[in-house]
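The values are calculated or read from the model by the stated rules, or taken from the named source; none is laboratory data. A quick note: this is a predicted structure, and the numbers were derived from the prediction, not measured. All Cβ positions, glycine included, derive from the backbone under ideal geometry; neighbour counts span all protein chains shown. Surface accessibility is based on the protein's heavy atoms, side chains included, excluding ligands, DNA and RNA. Shrake-Rupley method; radii C 1.70, N 1.55, O 1.52, S 1.80 Å.
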Amino acid sequence: MTTGPDLKAISATPGGAAATTRSHTVAKLIDTTTCIGCKACEVACQEWNNQQFTIGNFAGTYQTLPDLTHSFWNLIKFNESEQDGQPVWLMAKYQCMHCVDPGCLRACPAPGAIVQNANGIVDFNQDQCIGCGYCMTGCPFDVPKLNPITKKVHKCTLCTDRVSVGLEPACIKACPTNCLSFGTREDLLRKAETRVDALKEDGRPQAGIYNPEGVGGTHVIYVLAQADQPEKYGLPKDPRIPWTVALWKGPLKWAGNALLLGGILGAFLHYLRYGPKDSGKPADGID
Amino acid sequence: MALKTPASRQTASTETRIIRFSTAERTVHWAVALAFLYATLTGLALWSPRLFWLSAIFGGGTTVRAWHPWGGVLFALFFAVMFRRWNRQMRLDGDDRRWLRLAHRYAVHDESGLPEAGRFNAGQKALFWMQASSGSLLLLTGLVLWWPEIMPRLLREISVLIHPIAAVVSIGGLIIHVYMGTAAVPGAFRGMTQGWVTSEWAASHHSKWYREIRRR
């Protein structure tokens, strides 16, 4: 891994990551208002990552599969709802959000199985993965999926293999409406703001950016026409790393270690101070 | 002190040996202990990155992930056998409750006012119930963590917290148990390995039990 890109964080590794040299981070912008649901991004993702596709059952929706799978990392969610008596049909591409504070990485017990590159990409190293599935609990977006046969977790890599050689991710490349764009996070946030302003002027007062603060922001950013109701798009309203995961990987770890080490130390000190409990009769063990 | 003879040789000639634990009891105790040890060491490897090196001893992280749950299942099965055998003897009576209130005296070898102990003293009984409870929690939450792909999120979020808390409680109990059973109370360890203690040991540490045995 020392030969890979600069790292910002490494799972289960005391001391953290090497120093970073990059100042720019990358991001993906998904403008849901111009998505036509063509699924070119799904196909491009499958093609580039050489994934097998297993056809599921038709469930009365345009959506390809009910959820992401270990071999299907990019899913357009089609959501139907109603507003003011009018049907609303929303579509939003769903994949790993590449959180600034990734819950998967925090939950992972295997050193180096999850890394966060200096450019912001959160990537899984299946070689180091032990298949515990803690990342699935740490992730507030339910993105990582376990391959039941190999017992390794998989998810969108933000095409780190393409990005590291200066190409844009496969999904971006395939998008015919330019609803997807790739660039530095800074630029894309600015672009998103411009787009939101335009939408508001266009009579979409609820338009806004989805870049949830609960996970420190994300490297996958959405423009939503109804940003006040992200759940309508199948996006969690206020995603956060579960507090039990944060407590477990934070204060509990230290309290537990202190308690166990204290117990061992206490036993030693007790022995030195009070010695063994003898049978109270001089004959026991002494001539 | 230099003339100390090994207790086993000396007692063989001058003292009566009392059977403390039957072969069946010792077998099940050590079965529980081995399963506990395996689950603890593999569990610690996943508990802290600073202890991940333990996984190397047990065949690597993937093997540890795959087998740790089975270690837990074995522990639960063996503990269930031990539980069936001992749970009636482990019930706390009035004396035991008084003993527990004065446990601090026991810890500093001041046994004045301490009620006499039966076959198991109140500390051992408390440990038994503590391990039974935390063991049950470990089993239940462990089953959830075993199959994250089919378990509901809420159960997983609870389990990632309860499982390590129960484990810390169990391991804390084990530390005290091992210390008491080896260094702190000479003669106790032989009771659980070879199965016998001297009559004086029994009269001193478990006087109520000793009198019962004498009566028989």
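Counting only strands (runs of 3 or more DSSP E) that sit completely within region A:75-153, those holding 3 or more residues that are within 15 Å of the chain's Cα centre (by Cα) correspond to A:114-117, A:122-124. Out of B:F58, B:F52, one residue alone is within 14 Å of chain A (Cβ to nearest Cβ) and either in contact with a Pro (Cβ under 6 Å, 6 or more places away or on another chain) or without any contact (Cβ under 8 Å) to a residue 12 or more places away in the chain (or both). It is B:F52. The combined condition, being away from every other protein chain (no Cβ under 14 Å), open to solvent by less than 60 Å² (accessible area, probe 1.4 Å) and of a type in the set (F, W, Y), is fulfilled by B:F79. A:E231 meets all of the listed conditions (1) more than 10 Å from chain B (Cβ to nearest Cβ); (2) buried (at least 16 other Cβ atoms within 10 Å of the Cβ); (3) in contact with a Lys or Arg (Cβ under 9 Å, 6 or more places away or on another chain) but one, namely (2). Residue count for region B:82-137, restricted to those that are open to solvent by 40 Å² or more (accessible area, probe 1.4 Å) and not in a helix (DSSP H, G or I): 13.
Go through the residues of region B:14-31 one by one and say whether even a single one is in contact with a Leu (Cβ under 9 Å, 6 or more places away or on another chain) and either under 19 Å from A:G133 (Cβ atoms) or open to solvent by 20 Å² or more (accessible area, probe 1.4 Å) (or both). Yes, that holds for at least one residue. The set of residues from region B:50-76 being open to solvent by less than 70 Å² (accessible area, probe 1.4 Å) and closer than 17 Å to A:D127 by Cα comprises B:F52, B:S55, B:G59, B:G60, B:G61, B:T62, B:T63, B:V64, B:R65, B:A66. Of the candidates A:T64, A:T69, A:T33, A:T13, the single residue that is among the polar types (S, T, N, Q), touching a helix residue (DSSP H, G or I) at 6+ places or on another chain (Cβ under 9 Å) and within 14 Å of chain B (Cβ to nearest Cβ) is A:T13.
The residues listed here are A:I149, A:I121; of these, the one that is of a type outside the set (S, T, N, Q) and surrounded by fewer than 24 Cβ atoms within 10 Å (Cβ to Cβ) is A:I149.
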